[in-house]
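The values are calculated or read from the model by the stated rules, or taken from the named source; none is laboratory data. Model, not experiment: these values are computed from the prediction. All Cβ positions, even for glycine, are placed from backbone atoms using ideal geometry, and neighbour counts span all protein chains on display.
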Amino acid sequence: MPYTGDVTRGGPAATRALEHLSITKLSVGPMDNNAYLLRCGDDQVLIDAANDAPALLEVIGAAGLSAVLTTHRHGDHWQALAAVVEATGARSLAHTADAAEIPVVTGTLDDRDKVPVGDCELEVIHLVGHTPGSIALLYRDPSGHGHLWTGDSLFPGGVGNTQKDETRFRSLIDDVEHKLFDRLPDDTWFYPGHGKDSTLGAERPHLAEWRERGW
């Protein structure tokens, strides 16, 4: 079956194989969170140990894990973090501005930091608004288009929740527009913290509409 990014809570994981990197997407927990296992060579990292540690550890398997990257401080994105770190010995990394609210953080990240996954590399992009330390993670595929993990900062249909706070919304929509849409091409595929994937090209025509509506 070709990868579509459509997974359901409690259902099977979906894996996308790029030339150098494989991406396994799994939906876990009562809030239908997405967790992503990335593998390059013999190295694996997990984006958001959101919930259901046994399911995550089953997907991780015997290959182990070098790091867990948490996209932001909200608890639905790290319920399984402590258990996964304890079981695998992985590093736990999060943005400096959110790290104090996340258990078991062993190292911090800042904008434009690079995180290795074997011979592959993820670039940290700081997006302020959903939380002070929300991040996206970008893989620039040398053999294809970009791949972007956006946490709860960007979804198909809009940016993340800012609780009707106008200052936070302006910060988030500005960061998403200037750091993502202005920098990356339309074929960039993005993987959000909940729900289905999309591309920047599919969402780009709606940026002005999102800004106008205020969410």
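Tabulated data
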{"quantity": "Pair list, Cβ < 8 Å and 6+ apart or interchain, from the stretch 145-165 residues that are at pLDDT below 95 to residues that are part of a loop (DSSP other than H, G, I, E, B)", "calculated": "none"}
{"quantity": "Yes/no for S198 being modelled with pLDDT of 95 or more and within 17 Å of the chain's Cα centre (by Cα)", "calculated": "yes"}
{"quantity": "R204 of a type in the set (K, R), over 18 Å from the mean Cα position of the chain (by Cα) and surrounded by fewer than 18 Cβ atoms within 10 Å (Cβ to Cβ)", "calculated": "yes"}
{"quantity": "Hits in the stretch 86-104 - residues which are in contact with a Pro (Cβ under 9 Å, 6 or more places away or on another chain) and among the hydrophobic types (A, V, I, L, M, F, W, C)", "calculated": "A97"}
{"quantity": "Elements of type helices (runs of 4 or more DSSP H) in the stretch 123-215, at least 1 residues being of a type in the set (G, A, S) and farther than 22 Å from D6 by Cα", "calculated": "166-175, 207-213"}
{"quantity": "Among residues of the stretch 5-31, those that are outside any strand (DSSP E or B) and either surrounded by 15 or more Cβ atoms within 10 Å (Cβ to Cβ) or free of Cβ contacts under 8 Å to residues at least 60 places away in the same chain (or both), counted", "calculated": "14"}
{"quantity": "Criterion: in a helix (DSSP H, G or I) and either free of Cβ contacts under 8 Å to residues at least 12 places away in the same chain or of a type in the set (V, I, T) (or both) - qualifying residue of A87, A62", "calculated": "A62"}
{"quantity": "Unique match (being of a type in the set (V, I, T) and surrounded by fewer than 13 Cβ atoms within 10 Å (Cβ to Cβ)) among T199, T162, T167", "calculated": "T167"}
{"quantity": "Residue in the stretch 65-72 that is surrounded by fewer than 17 Cβ atoms within 10 Å (Cβ to Cβ) and either of a type outside the set (S, T, Y) or under 17 Å from the mean Cα position of the chain (by Cα) (or both) present", "calculated": "no"}
{"quantity": "Residue list for the stretch 94-109, filter: more than 15 Å from the chain's Cα centre (by Cα) and assigned to a loop (DSSP other than H, G, I, E, B)", "calculated": "T96, A97, I102, P103, V104, V105, T106"}
